[in-house]
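Student: Sharing a structure with you now.
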Amino acid sequence: MALRILHIDSSPRGAASHSRQITEELVKSLTQSNQNSVVTYRDLGHNPPPHVDDAWTQAAYLPFDQLTPEQQAALQTSDELVDEVLAADVIVIGAPMYNFTITSTLKAWIDQISRFGRTWIAEWKADGTSVYAGLAAGKKMFIVTSRGGGGYAAGEAMESLNFQDPYLRTAFGFIGITDIEFIHINNTSKGDAALVESLGSARTAIGVAAAHA
């Protein structure tokens, strides 16, 4: 049975992007370990998805048979992106840190795939509370981060400024993806031994990840 891999890059940079380099190597390792792999690729950094707008929000909570042609068109990109997520067994995401969180292009993609009735459902109770359930469970996700500095892990000096890992775990957990493994590339702005060491650790993690995916 084919392993279906969804490969997402969100860096606006080209060949110099560290996150792009490592996601490419990770996907290559996954395909080598799974000869029948099928890869779907999205380059959000160079081909960003549209931001959610008023037409989108008005259409997203309606049953399909109630949508006008214009509303169907407003959800077309979202439907395509959601279909890719739901079809995938493994999702690999390149997520550079921008201003202590993620790129706007990756955020736009997450907004497009977070769809009521497609990737999550909710039950609203009489007391005003809600119970939510994700519909995209059962997938493995690898998130490759790249950061100009370091010290963002738990207990480290910059932990309080790390809005990247917690947000991504929350956003994907909400739609049911909880099996998430982070591969961090730190100190990209230093360009010295610290970066070389971080890239080496990331490549070691790739080998372990590919063996267990």
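Student: Please verify whether Gln66 is open to solvent by 60 Å² or more (accessible area, probe 1.4 Å), more than 25 Å from Ile185 (Cα to Cα) and polar (S, T, N, Q), treating the condition exactly as stated.
Tutor: On the way: open to solvent by 60 Å² or more (accessible area, probe 1.4 Å): yes; more than 25 Å from Ile185 (Cα to Cα): yes; polar (S, T, N, Q): yes.
Considered against the rule, which asks whether it is open to solvent by 60 Å² or more (accessible area, probe 1.4 Å), more than 25 Å from Ile185 (Cα to Cα) and polar (S, T, N, Q), Gln66 comes out as yes.
This table checks each residue for (1) of a type in the set (Val, Ile, Thr); (2) in contact with an Asp or Glu (Cβ under 6 Å, 6 or more places away or on another chain); (3) surrounded by fewer than 21 Cβ atoms within 10 Å (Cβ to Cβ).
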{"residue": "His7", "(1), (2), (3)": "no, no, no"}
{"residue": "Ser11", "(1), (2), (3)": "no, no, no"}
{"residue": "Ala16", "(1), (2), (3)": "no, no, yes"}
{"residue": "Ile22", "(1), (2), (3)": "yes, no, no"}
{"residue": "Lys28", "(1), (2), (3)": "no, no, yes"}
{"residue": "Asn34", "(1), (2), (3)": "no, no, yes"}
{"residue": "Val38", "(1), (2), (3)": "yes, no, yes"}
{"residue": "Leu44", "(1), (2), (3)": "no, no, no"}
{"residue": "Pro48", "(1), (2), (3)": "no, no, yes"}
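Student: Hey, any hits in segment 182-198 for a residue that's touching a residue at least 24 places away in the same chain (Cβ under 8 Å), assigned to a helix (DSSP H, G or I) and not aliphatic (A, V, I, L, M)?
Tutor: Scanning segment 182-198 turns up at least one residue that is touching a residue at least 24 places away in the same chain (Cβ under 8 Å), assigned to a helix (DSSP H, G or I) and not aliphatic (A, V, I, L, M).
Student: So Pro166 fits all but one of (1) within 27 Å of Tyr41 (Cα to Cα); (2) without any contact (Cβ under 8 Å) to a residue 12 or more places away in the chain; (3) surrounded by 13 or more Cβ atoms within 10 Å (Cβ to Cβ); what number is the exception?
Tutor: Status for Pro166: all satisfied but (3).
Student: Right, another one. Kindly indicate whether Thr77 is modelled with pLDDT of 95 or more, more than 25 Å from Glu25 (Cβ to Cβ), part of a helix (DSSP H, G or I) and among the β-branched types (Val, Ile, Thr). Reasoning before the result, please.
Tutor: Working: modelled with pLDDT of 95 or more: yes; more than 25 Å from Glu25 (Cβ to Cβ): yes; part of a helix (DSSP H, G or I): yes; among the β-branched types (Val, Ile, Thr): yes.
Taking the combined requirement at face value, the residue satisfies it.
Student: Now for a separate question. Restricting attention to segment 140-151, which residues are open to solvent by 20 Å² or more (accessible area, probe 1.4 Å) and under 14 Å from the mean Cα position of the chain (by Cα)?
Tutor: Selection gives Lys140 alone.
Student: Quick one: in segment 69-88, of everything that is hydrophobic (A, V, I, L, M, F, W, C) and more than 15 Å from the chain's Cα centre (by Cα), which residue is most open to solvent (accessible area, probe 1.4 Å)? Before you say what the answer is, go through the steps one by one.
Tutor: Of segment 69-88, the ones hydrophobic (A, V, I, L, M, F, W, C) are 73-75, 81-82, 85-88.
Still in the running and more than 15 Å from the chain's Cα centre (by Cα): 73-75.
On the way: Ala73: 62, Ala74: 32, Leu75: 4 Å².
The qualifying residue most open to solvent (accessible area, probe 1.4 Å) is Ala73.
Student: For residues that are over 12 Å from the mean Cα position of the chain (by Cα) and not charged (D, E, K, R), scanning just segment 89-103, find the one that is surrounded by the fewest Cβ atoms within 10 Å (Cβ to Cβ). Write out each step before concluding.
Tutor: Of all residues in segment 89-103, those over 12 Å from the mean Cα position of the chain (by Cα) come to 89, 97-101.
Still in the running and not charged (D, E, K, R): 97-101.
Numbers: Met97: 24, Tyr98: 18, Asn99: 10, Phe100: 14, Thr101: 18.
The selected residue is Asn99.
Student: Tell me, which residue of segment 111-133 that is in a loop (DSSP other than H, G, I, E, B) and polar (S, T, N, Q) is most open to solvent (accessible area, probe 1.4 Å)?
Tutor: Within segment 111-133, the first condition is being in a loop (DSSP other than H, G, I, E, B), and the residues that meet it are 114-115, 117-119, 125-129.
Next, from what is left, pick out any that are polar (S, T, N, Q): 114, 119, 129.
On the way: Ser114: 34, Thr119: 0, Thr129: 66 Å².
Step by step, filter segment 111-133, then rank; the result is Thr129.
Student: Next question, about the same structure. In this structure, does Thr77 turn out to be in contact (Cβ under 8 Å) with a residue 24 or more places away in the chain, out of contact with any Lys or Arg (no Cβ under 8 Å at 6 or more places or on another chain) and under 20 Å from Phe182 (Cβ atoms)? Don't jump to the end; show me each part of the working.
Tutor: On the way: in contact (Cβ under 8 Å) with a residue 24 or more places away in the chain: yes; out of contact with any Lys or Arg (no Cβ under 8 Å at 6 or more places or on another chain): yes; under 20 Å from Phe182 (Cβ atoms): no.
Criteria not met by Thr77.
Student: Now for a different question. When you go through Ala108, Ala171, Ala136 one by one, which is the residue that is in contact with a helix residue (DSSP H, G or I) (Cβ under 7 Å, 6 or more places away or on another chain), surrounded by 15 or more Cβ atoms within 10 Å (Cβ to Cβ) and assigned to a helix (DSSP H, G or I)? Reasoning before the result, please.
Tutor: Values: Ala108 fails: in contact with a helix residue (DSSP H, G or I) (Cβ under 7 Å, 6 or more places away or on another chain); Ala136 fails: assigned to a helix (DSSP H, G or I).
After ruling out the rest, the residue left standing is Ala171.
Student: Here is a list of conditions, (1) touching a residue at least 24 places away in the same chain (Cβ under 8 Å); (2) open to solvent by 20 Å² or more (accessible area, probe 1.4 Å); (3) not charged (D, E, K, R), and Ala157 meets all of them except one; can you say which number that is?
Tutor: Failed condition: (1).
The values are calculated or read from the model by the stated rules, or taken from the named source; none is laboratory data. Fair warning: this is a prediction, and the values are worked out from it, not measured in the lab. Neighbour counts run over all protein chains shown; Cβ positions are idealised from the backbone, glycine included. Keep in mind that these areas ignore ligands, DNA and RNA; they rest on the heavy atoms of the full protein, side chains included. Shrake-Rupley method; radii C 1.70, N 1.55, O 1.52, S 1.80 Å.
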